[in-house]
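In what follows, a structure is listed as structure tokens, so that the remarks can point back to it.
We did not get these values from a lab; they are worked out from the coordinates using the rules stated. Predicted model, so just to flag it, every value in this text is computed and none were measured. Don't worry about glycine lacking a Cβ; one is built from the backbone with ideal geometry, like all the others, and counts go over all protein chains shown.
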Amino acid sequence: MVKRTGLYCRTKSVLSLIVTVSVVFALFSFALLPYPVLAQEDSEAVQGEGSSEEVIDIVADELSYDRKSGLATAKGNVEISFKSYRITGNYAEYDESGAVVVITGRARFEDTEERSVLVADRIVVSLETGEMEAESGVFLRHKDGEVLASGDRLSYLGDDGRVIIDGNASVEIGDKIFQASSITVYIDEERVVAEGGTRTVIPRGQ
């Protein structure tokens with residue numbers, strides 16, 4: 001049986017802040033407050049800071065981490081969790097300095113908050129901005145199927161909720177189907193811009 005390994009990556013600045021605040025608070029309070037009160041408030045302060053800490057949870061059959069380069073490499077049944085994100089595949093690299101995940105081999109990205117799923121052969125995700133790049137065999141299901149998209153390549157720009165699908169692009173919104181060489185979807189606006197050999201199917205009465 002293959003033993004699963006895991007890695008937790010925590011933000012260094014947050015940990016430093018927790019330690020610094022705890023030490024200063026302890027020194028200051030020692031002269032003013034009884035020890036029981038100090039212990040209780042110090043514990044609550046640390047717990048409050050820790051609850052907002054961002055944690056990257058990486059689980060795989062095999063995992064290596066290079067502290068100098070800040071690069072984690074995971075192989076076999078990879079599963080990465082961060083906030084509402086769940087990323088799975090056969091192989092992954094996590095760049096700690098840029099908070100970027102590259103995952104290949106039956107790659108799948110899921111956002112449980114947005115109820116969205118993206119699958120492709122290769123997916124690149126920025127955990128800080130939410131931007132993504134996917135290529136080869138791309139399929140997107142957004143908000144439980146309100147928007148369906150497929151193509152050779154996909155780019156998601158988180159700042160304006162824009163999805164760009166290139167190469168045999170196809171998008172379905174409701175009962176309307178759009179096909180073109182390149183299609184841009186403004187997710188929040190449910191607006192579509194298609195370019196290059198476009199074809200649109202709109203049911204009668206719409």
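Here are the numbers for this structure:
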read-out	value
Amide H within-cut-off set for T129, under 5 Å, with H built and near neighbours excluded	none
Pairwise Cα inverse-distance average, inverted: Kirkwood Rh of the stretch 124-166 (Å)	10.7 Å
Fewest-first ranking of V119, V55, V171, using other Cβ atoms within 10 Å as the exposure measure	V55, V119, V171
